[in-house]
1. Please determine whether any residue of the range B:127-136 is surrounded by 15 or more Cβ atoms within 10 Å (Cβ to Cβ), more than 14 Å from every other protein chain (Cβ to nearest Cβ) and under 18 Å from B:M77 (Cβ atoms).
2. Out of (1) touching a residue at least 12 places away in the same chain (Cβ under 8 Å); (2) among the aliphatic types (A, V, I, L, M); (3) within 14 Å of chain B (Cβ to nearest Cβ); (4) open to solvent by less than 10 Å² (accessible area, probe 1.4 Å), the odd one out for A:L135 is which?
3. Which of the residues belonging to the range B:231-249 are of a type in the set (A, V, I, L, M), open to solvent by 10 Å² or more (accessible area, probe 1.4 Å) and in a helix (DSSP H, G or I)?
4. Which pairs do you get when a residue that is without any contact (Cβ under 8 Å) to a residue 60 or more places away in the chain, found in the range A:15-31, comes within reach of a residue that is surrounded by 12 or more Cβ atoms within 10 Å (Cβ to Cβ), reach meaning Cβ atoms under 7 angstrom, with the pair 6+ apart or on two chains?
5. Restricted to the range A:91-107, and to residues that are of a type outside the set (G, A, S) and open to solvent by 10 Å² or more (accessible area, probe 1.4 Å), which residue is nearest to the other protein chains (Cβ to nearest Cβ)?
6. In the list B:G165, B:G144, which residue meets the criterion of being surrounded by fewer than 22 Cβ atoms within 10 Å (Cβ to Cβ), farther than 24 Å from B:I64 by Cβ and within 14 Å of another protein chain (Cβ to nearest Cβ)?
7. Would the range A:51-63 turn up any residue that is under 16 Å from A:R142 (Cβ atoms), open to solvent by less than 10 Å² (accessible area, probe 1.4 Å) and within 14 Å of another protein chain (Cβ to nearest Cβ)?
8. Test of understanding: among B:G190, B:G207, which residue is open to solvent by less than 60 Å² (accessible area, probe 1.4 Å), at pLDDT below 90 and more than 29 Å from B:I137 (Cβ to Cβ)?
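The values are calculated or read from the model by the stated rules, or taken from the named source; none is laboratory data. Keep in mind the model is a prediction, meaning the values are calculated, not measured. Here the Cβ positions follow ideal geometry from the backbone for every residue, glycine too, while neighbour counts run over all protein chains shown. Please note that ligands, DNA and RNA were not included when accessible areas were found on the heavy atoms of the full protein model with its side chains. Shrake-Rupley method; radii C 1.70, N 1.55, O 1.52, S 1.80 Å.
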Amino acid sequence: MRANLTRHWPLLATGVVLLALYIGAAIAFPGFRTWFQFTRLFSDNATLGLAAVGMTFVILSGGIDLSVGAVIACASMMLALLAGELAWPLWLAAPAVLAAGAAFGAGMGGLIHIFRLPPFLVTLAGMFLARGTALLLSPHKRIELGSHDSVRSLSLLHVADFTLAALIFLAAVTLSALALRWMRWGRTVYAIGSDESAARLMGLAVAPTRIGVYALSGLCAAAGGIVHVIGTQAGDASIAFLLELDAIAAVVIGGTVLAGGRGSVLGTLLGVLILAIITTIPGYVSDLDSWWTRLIIGALLLLFVSLQRVSQHWREE
Amino acid sequence: MREIGRHLLWPLAALAILLAFNALRDPAFFHLRLVEGRLTGAMIDILNQGAPVLLLALGMTLVIGTGGIDLSVGAVMAVAGAVAADLLHSGASTATALAAAVGAGLAAGLWNGSLIALVGLSPIVATLILMVAGRGIAQLVSNGEIIDIAPDAAILAIGRGTVLGLPFPVLIALGAAAALAGVARLTSLGLFIECVGGNEQASRYAGLAVRSIRLAAYALMGVLAAIAGLIDAADIAAADANNCGLYLELDSILAVVIGGAALTGGRFSIAGSLLGAIIIQTISTSILRADFGGRSVPVELNLIIKATFVLALCLVQSSEWRRWRPLRRSAAA
């Protein structure tokens with residue numbers, strides 16, 4: 001029981017903070033109490049959420065991916081270019097963008113694994129590459145989709161007020177949680193993050209798992225870019241700037257330990273919702289400036305890494 | 001010493017290729033002229049525009065030497081610039097503004113250092129917090145606006161003044177580099193830093209004040225970032241909380257890596273980082289000046305070239321690459 005509690009209490013802490021924030025916001029702002037606003041927390045933050053899901057895998061494996069924001073921007077530009085200017089059908093353009101994102105991630109994972117380069121350095125270079133490519137794809141740094149009916153109809157699709165973007169995000173969370181819990185590959189991610197050499201000695205497939213983790217992060221980021229295009233009908237090279245910081249914050253606030261090996265996608269979902277509420281509140285208060293959200297996210301990050309530190313201390317004792 | 005010399009070989013070769021490329025395309029690249037008591041020319045431009053990155057790279061060298069990293073330097077630059085501009089705006093003296101800005105940088109560095117050395121957070125996480133919150137603080141100080149500095153303010157000399165024809169930022173950066181190299185290599189401080197980065201536990205057993213050394217490295221980083229922020233603000237005569245020092249944390253880390261320091265700590269070279277910073281600025285300046293058949297090169301190419309360059313340099317420096325090479329040769333034979 002004690003072991004169970006120490007294992008799950010970071011997640012519980014996140015849940016408590018989320019609940020307190022939501023109740024607080026609902027009391028202060030009547031608009032927050034509606035079902036529509038609740039679904040918008042998911043819809044408006046689907047891109048961040050998808051990136052954070054991929055980031056969860058990377059951090060669980062003991063790595064970090066600083067390129068996701070740039071990959072999102074690049075994917076949005078690619079999709080707008082393929083579906084808009086080149087008039088590819090969406091069923092062809094979207095998988096192509098997803099494949100490109102996954103391949104880009106796999107390439108970074110390969111460099112990290114094979115040449116033992118530090119993850120943050122390789123993905124930093126990846127961030128420059130992806131952002132540079134996104135900016136070069138159009139001289140206007142932005143591609144309007146124009147009258148692309150299939151994308152427009154997708155943007156209007158919704159189930160119980162959850163937009164397609166929110167549904168894709170929730171599906172990604174569910175699939176990831178299942179994979180981490182029940183798939184051999186998912187368990188290997190935890191094993192690598194806890195102790196790589198032990199995982200290797202156990203005969204686990206370290207190389208495909210690690211490369212796969214970065215490929216998945218690239219895939220998720222590309223999906224985030226696609227979701228953004230569906231929502232805004234345009235690709236934009238300057239979106240998702242430094243979004244990787246928010247994604248990392250969401251993962252850490254969700255109770256995943258940055259050193260790897262411990263954490264969950266469910267926590268990340270809670271973390272994303274916390275960030276979603278914090279960034280939504282300035283919209284309700286006219287004199288609250290948006291930079292306060294940066295300060296509050298920083299403070300929350302500090303709170304949760306300190307909590308991690310304390311719980312680590314407990315375990316060592 | 002020979003070890004360090006070997007590490008300087010690749011960056012030196014890279015810089016030589018970059019400069020040769022520039023000289024071939026633009027014969028006037030190396031020309032220096034004295035205009036109104038001020039040296040001008042592409043080489044001076046590179047040093048002048050590169051001064052903030054150079055200062056950051058110096059601090060980052062020590063931080064990385066202890067096995068750490070500081071992701072918050074760009075945000076600290078923005079805070080320092082905002083503090084100075086805000087104080088000047090409300091009528092404070094130049095000295096007060098300068099002292100307050102540097103003090104803000106010191107406080108930021110001590111904050112990072114305490115989280116890492118005393119609380120025991122990992123450097124990426126600890127400095128990530130300030131990276132996220134720092135620009136929020138800068139906007140809080142500047143009330144979310146870009147604060148202009150009066151065109152006759154004495155503080156502008158930091159960004160635009162000259163001494164003996166050399167721009168002031170260049171002198172500050174080179175002076176800081178010389179001072180740091182002297183302190184690091186003539187006293188045992190450099191050795192201590194490498195010890196802490198190389199093996200923290202062994203250093204503690206050997207009686208080194210590991211925590212103080214860590215704290216000092218981050219504090220110095222904060223001060224250098226503040227000075228870089230002042231140069232940036234004085235250069236454009238305004239404090240821009242959103243854009244001051246943007247991406248420079250990346251540039252300064254890349255400069256240190258190009259300079260041959262081990263990212264895991266325990267080995268650093270001030271001269272190498274100096275070279276690294278100059279290489280990064282030379283790439284940017286070359287791209288800005290480049291034009292092919294009347295068409296200018298898009299500035300965005302800068303990002304791609306920098307990234308490719310850094311990856312290539314890291315690859316050839318990694319031991320796995322060296323182990324791979326003979327393998328591939330024998331496979332081909």
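1. There is no residue in the range B:127-136 that is surrounded by 15 or more Cβ atoms within 10 Å (Cβ to Cβ), more than 14 Å from every other protein chain (Cβ to nearest Cβ) and under 18 Å from B:M77 (Cβ atoms).
2. (4)
3. Result: B:I236, B:L248.
4. The qualifying pairs are A:A26/A:F32; A:A26/A:R33.
5. Kept after step one, since they are of a type outside the set (G, A, S), are these residues of the range A:91-107: A:91-92, A:95, A:97-98, A:104.
Cutting the leftovers down to open to solvent by 10 Å² or more (accessible area, probe 1.4 Å) gives us A:91-92, A:95, A:98, A:104.
On the way: A:W91: 30, A:L92: 27, A:P95: 25, A:L98: 22, A:F104: 12 Å.
Result: A:F104.
6. On the way: B:G165 fails: within 14 Å of another protein chain (Cβ to nearest Cβ).
Within the list B:G165, B:G144, the selection yields B:G144.
7. no
8. Of B:G190, B:G207, the one residue that is open to solvent by less than 60 Å² (accessible area, probe 1.4 Å), at pLDDT below 90 and more than 29 Å from B:I137 (Cβ to Cβ) is B:G190.
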